[in-house]
Amino acid sequence: SPELVRQLDAIAYTNCVVEVVPIHRVIQENSERVYDPLHPVLQDLRQVHY
């Protein structure tokens with residue numbers, strides 16, 4: 001939801017084949033949210049072993 005997107009500091013996609021892929025921009029209707037693709041939390045996610 002738009003409310004949830006506004007609350008996030010970082011957002012990424014991952015699955016069992018691809019590593020953590022940062023999402024740097026979310027476009028919704030009349031607004032756009034830009035995220036830092038180098039946010040420290042994304043490095044933390046990369047350290048998680050499945």
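The values are calculated or read from the model by the stated rules, or taken from the named source; none is laboratory data. If you're wondering where the values come from, they're calculated on a predicted model, not measured in any experiment. Please note: Cβ atoms are built from the backbone with ideal geometry, for glycine as well, and neighbour counts cover all protein chains shown.
Before moving on, here are some points about what is shown:
- Pairs with Cβ under 8 Å, 6+ apart, first in the stretch 7-31 and at positive phi, second not in a loop (DSSP other than H, G, I, E, B): Glu29/Pro2
- Counting only residues that are at pLDDT below 85 and either in a loop (DSSP other than H, G, I, E, B) or in contact with a helix residue (DSSP H, G or I) (Cβ under 9 Å, 6 or more places away or on another chain) (or both), the stretch 1-13 holds 1 of them.
- Residues that are among the polar types (S, T, N, Q) and assigned to a strand (DSSP E or B) within the stretch 16-48 comprise Gln28, Ser31, listed in sequence order.
- Residue count for the stretch 20-45, restricted to those that are surrounded by 15 or more Cβ atoms within 10 Å (Cβ to Cβ) and of a type in the set (Lys, Arg): 1.
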